[in-house]
Amino acid sequence: MLLSYIYWFLFDLLEFGLKTVKKVGMLTALFVSSLLLSSFAVADCSKLSSIGVEESSFKKNISNASNTVVEFIENKSVPGLSLAVIKDNKLIWSEGFGCSNISHNTVMTPDTQMRISSISKTLTATGIGILLQQGKIALDSPVKTYISNLPQDYNLITIADLAWHRSGIRHYENDQPNEKQYSTVNGGLEKFVNEPLKFTPASNFLYSSFGWNLLGAAIENITGETYLGFMQKNVFQPLGLSSIVALDSGHIIKNEASYYLLVDDAFNEVKHENYSYKWPSAGYLSTASDLVKLSSSYFNEKFLKKQARDALWTPDDMMYSKFAIGWFYSFNEARSPRLQHYMTHSGSSKASRAILRYFPASNTHIAILVNTRNKKIDLGKLANKIIQLL
C-alpha cells in the first residue's frame, strides 16, 4: 500500500515538472524537480512492513511487539520476517517486515511464502494423526508392515521409533545438494535406505530427517496415494491452507521469498536445490498464517480427535528427548507462567529459519519465518518475547 502512494507521488512530481517547463523554462524546471526528488526517494523495503491482520483490542500490545520485531531485524541481520499469531482461535496479528527480495526491493508481506524446513515434519505428523484416528496405522507396528522392501536391519524399527528419532537411521552427513527429481517419497528412499543403522532401534536418540521420509513412504503405501496427494486431500484442503506447497512438486509458486546469506556485510542470494527427496521431513513452503492455522486445527474435533492429538503430543519417555511426534514438548517451572509449557518445532535450511509454537497457558499459537540464517538468530526467544508482550 505504501509503495503505491510513493509511485503516485512520483507521477504527480513528473506532471508538476512538465507544467513548470511551460512557465519558467527547462533549466529552472529541472532544478526544481531535482531538489524535490533528492528529498524523496523510493523507500527501502528493509525499512517497511505490511500488516495483514491487527486485532483492534490488541493494538497497543501489537505495537510494542512490532517494535521488538523491528529491533530484532536490525540487530540480527535479517532481510525479511513474517509472523502470525492466533489467540483463542482467532487470528489477531499477521505482518511482514523488511525485504522479501532485496534486488527487486519487494516488501515482505503476510502472504509471502517461505521454506519451513523441518516444520514439514509437523505437517507429516498431522497426516499420521489422521491415519491414527482412521485405524490405518499403529505407532507400535514395525515399519516393514507398511514398507516390505527394506533391509534386514530395519526389522526392529517401529513407526514410533521413526517418529521419536530413535530408529538408528542417520541424519544429514555432508550430503551433496540433490539434483534428481523424484515423483514419490518411496523413490527418494534410495538416498539412505541401504546404509547401515547407527545403532539398534529404540536403544538411543538421533535426530533423523531421513527417518521421517520413511514415514512419508509408509503413508503412500497405506493409502495407495502419493504422499503429496494424501496431504493435500486430507490436511491442507480441509483446513483451507492454500499457501502450503511442496517444493519441486510442479506447482507454480508466485509469492516465495528469496533467501540470503550475509557475506562481507552484503546479502548474497542463495541458489535453490531440489527438495523432492525430502518432502515429508523438510520440503514445504508456507506462510506464517497457515502454520498457526494448522496448529490451532489440533483443537478442532471435526478435523483431529483429542485421542489422536494426545498421541502426537505425548513425548518419548524412553529416551528422555522430549520429542513428541512432529513436535517438541517443553516444560520448565522456572519460566514465567505464560511460558512454562509449550509445544514447538523449528526449521532451518542453508538460508532460512522458521518456528511454530503453541502456548497452552494463553491459548496462543505463533509462527515466525525469516529468509536468512546466522548464529545471531534465535526465533524461539523472539517468539517468547512476543507472547509475553501480547
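Figures for the structure shown
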{"read-out": "Members of region 305-338 found to be on the phi < 0 side of the Ramachandran plot and under 21 Å from the mean Cα position of the chain (by Cα), listed by number", "value": "ARG309, LEU312, TRP313, PHE323, ALA324, ILE325, TRP327, PHE328, TYR329, SER330"}
{"read-out": "Residue list for region 288-341, restricted to those being of a type in the set (Asp, Glu) and surrounded by fewer than 16 Cβ atoms within 10 Å (Cβ to Cβ)", "value": "GLU301, ASP310, ASP317, GLU333"}
{"read-out": "Tally of residues being part of a loop (DSSP other than H, G, I, E, B) and either at negative phi or outside the structural domain of LYS144 (by TED's automatic domain parsing) (or both) across region 156-188", "value": "19"}
{"read-out": "The lone exception for PHE230 - which of (1) more than 19 Å from LEU123 (Cα to Cα); (2) part of a helix (DSSP H, G or I) it fails", "value": "(1)"}
{"read-out": "Filter pass, GLY135 being more than 16 Å from SER208 (Cβ to Cβ), small (Gly, Ala, Ser) and in contact (Cβ under 8 Å) with a residue 60 or more places away in the chain", "value": "no"}
{"read-out": "Residue check, THR126 under 24 Å from ASN255 (Cα atoms), buried (at least 22 other Cβ atoms within 10 Å of the Cβ) and either out of contact with any Lys or Arg (no Cβ under 6 Å at 6 or more places or on another chain) or in the same structural domain as ASP248 (by TED's automatic domain parsing) (or both)", "value": "no"}
{"read-out": "Residue tally, condition surrounded by fewer than 18 Cβ atoms within 10 Å (Cβ to Cβ) and part of a helix (DSSP H, G or I), over region 189-220", "value": "2"}
{"read-out": "Filter result for the condition that a residue is assigned by TED's automatic domain parsing to the domain that holds GLN133 and under 19 Å from ILE119 (Cα atoms), over LEU294, LEU339", "value": "LEU294"}
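For every residue, the table says whether it meets (1) more than 25 Å from SER77 (Cα to Cα); (2) touching a strand residue (DSSP E or B) at 6+ places or on another chain (Cβ under 8 Å).
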| position | (1), (2) |
| --- | --- |
| ALA288 | no, yes |
| PHE299 | yes, no |
| LYS305 | yes, no |
| SER330 | yes, yes |
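The values are calculated or read from the model by the stated rules, or taken from the named source; none is laboratory data. Only a predicted model underlies this, so the values are computations on that prediction, with no experimental measurement involved. For neighbour counting, all protein chains shown are included, and Cβ atoms are generated from backbone atoms with ideal geometry for every residue, glycine included.
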